[in-house]
1. Restricting to the range 10-51, give me the number of residues that are in contact with a helix residue (DSSP H, G or I) (Cβ under 9 Å, 6 or more places away or on another chain), surrounded by fewer than 15 Cβ atoms within 10 Å (Cβ to Cβ) and in a loop (DSSP other than H, G, I, E, B).
2. Could you tell me whether residue 165 is part of a helix (DSSP H, G or I) and either in contact (Cβ under 8 Å) with a residue 60 or more places away in the chain or closer than 30 Å to residue 232 by Cβ (or both)?
3. Condition check: of a type in the set (Val, Ile, Thr), in the same structural domain as residue 339 (by TED's automatic domain parsing) and either modelled with pLDDT under 95 or under 22 Å from residue 362 (Cβ atoms) (or both). Does residue 24 satisfy that?
4. With 377, 381 as the choices, which residue is part of a helix (DSSP H, G or I), over 25 Å from residue 299 (Cβ atoms) and in contact with an Asp or Glu (Cβ under 7 Å, 6 or more places away or on another chain)?
5. What number of residues in the range 383-425 are loosely packed, with under 13 Cβ neighbours inside 10 Å and touching a helix residue (DSSP H, G or I) at 6+ places or on another chain (Cβ under 9 Å)?
6. In the set 87, 149, 80, 95, which member is at pLDDT 95 or above, within 30 Å of residue 29 (Cβ to Cβ) and part of a loop (DSSP other than H, G, I, E, B)?
7. Need pairs with beta-carbon distance below 6 Å; first residue over 13 Å from residue 166 (Cα atoms) and within the range 202-223, second assigned to a loop (DSSP other than H, G, I, E, B) and among the hydrophobic types (A, V, I, L, M, F, W, C); sequence gap 6+ or separate chains.
8. How many of the residues making up the range 11-45 are of a type in the set (Phe, Trp, Tyr) and under 30 Å from residue 330 (Cα atoms)?
Amino acid sequence: MDNHTTIAAYNLAKSAYANYGVDTDKVLETLDNISISLHCWQADDVGDFETKSSSMGGGIQVTGNYPGKANTIEEMRADLEKVLSLLPGKHKLNLHTIYGEFNGEAVDRDQIEVKHFQGWIDWAKKNNVGIDFNASCFSHPYAEDGFTLSSKNPEIRSFWIEHVKRCREISNEIGKQLGTPCIHNTWIPDGSKDTCVDRLGHRTLLKEALDEIFEVEYDTNYMKDAVESKLFGIGSESMVVGSYDFYLGYAIKNNKLICLDNGHFHPTEQVGDKISSVIQYVDEVLLHMTRGVRWDSDHVVTVNDESLLIAQEVIRSGALDRTHVGLDFFDASINRIGAYVTGCRASRKAFLFALLEPTELIKAHEDKGENFERMFLLEQLKTLPWGAVWDFYCLQQQTALDNEVIALVNDYEQAELLERGEVLV
């Protein structure tokens, strides 16, 4: 599709949406202000750059052995730069602790410092992106029994408390250097494979650990704390210490962000439906956009009912300025760059679709009990030319249109990824 065709199609779409009172130019301005945080771990299947190798754990399982996995920080950064070149809009990098630059030195996680991540901060400055940060409470000898911050072993619990404290300190410095808040997210795999009798004991220990971790308060202009729940995981099928009820209560009481990962709930739960509830009680929300298939399988995000409802409820609730959007999926069965580009574009498309909704018009019918009219309008929106608006947005952003992406990803695969050899899993 040439530029002339893209512009002509957009003008037709603009006119179509104007009939419903929607200004597509303003919609694109709003869309461009949404920053999406790219998770670094899609590039290497949740591996790490620590000097001591460790088996993956904490309920994390990546399947597939597609060639081209990033094996070094240099390869990961090259992949991320390629991904960013194929994405419209603003972005951040979501970084886990295990991706520090340790330069061959054995640095355990309770000893990490800002210097181990300075290279990433410099890279972020160069590429004009922010950074979010995560404690890595998994894939470590002190996580092998299934408990970290809620462990009944004081030595293990103290180790992880110190780790998360250092992560928060590093996050604060990241925010200062980059001039945009770094969101530090705390997720732990703690739980029991089989029946646990002392759930109260583990949750009491987790609360005490979090209270100690959060004793130091940081300027929210530089760092913000989020806590993330999970329904179950591999090895924690019967009980997860950090449940939704636990973290929602903790976030409300302690003024923390609640992280809603739409793969961390029962398959019949609608995570989008939770947004209008939680924003009544917490100031800000962190979204982890993923796609669970039957369980928390972290499939690549697509434009489906779930992603659309999440975006729609953020927009309908007027909560966009209180919502932070991040990605959390990993797929080693397909081209990893293609997975990134597909998932990130799909997430932004979901927000575009939501922003193009004439919500006030539909609500006016709803408030009058005109439910047929509400239903029919919602159905009409599905066939309006929103794809033409998306194409024009990509053109505005001087990035590839959808019909150009496959060839560009395949070119990179031939030139770079296949040179890395086969990945053995």
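1. Result for the range 10-51: 3.
2. yes
3. Working: of a type in the set (Val, Ile, Thr): yes; in the same structural domain as residue 339 (by TED's automatic domain parsing): no; either modelled with pLDDT under 95 or under 22 Å from residue 362 (Cβ atoms) (or both): yes.
For residue 24, the condition - of a type in the set (Val, Ile, Thr), in the same structural domain as residue 339 (by TED's automatic domain parsing) and either modelled with pLDDT under 95 or under 22 Å from residue 362 (Cβ atoms) (or both) - is not met.
4. On the way: 377 fails: in contact with an Asp or Glu (Cβ under 7 Å, 6 or more places away or on another chain).
Only one candidate qualifies: 381.
5. 1
6. Details: 149 fails: within 30 Å of residue 29 (Cβ to Cβ); 80 fails: part of a loop (DSSP other than H, G, I, E, B); 95 fails: part of a loop (DSSP other than H, G, I, E, B).
Answer to the check: 87.
7. Sorted first by the residue in the range 202-223, then by its partner, the pairs are 202/241; 203/241; 206/149; 206/241; 209/149.
8. Final tally of qualifying residues: 1.
The values are calculated or read from the model by the stated rules, or taken from the named source; none is laboratory data. Model, not experiment: these values are computed from the prediction. Counting neighbours? That spans all protein chains shown, and the Cβs are built from the backbone with ideal geometry, glycine included.
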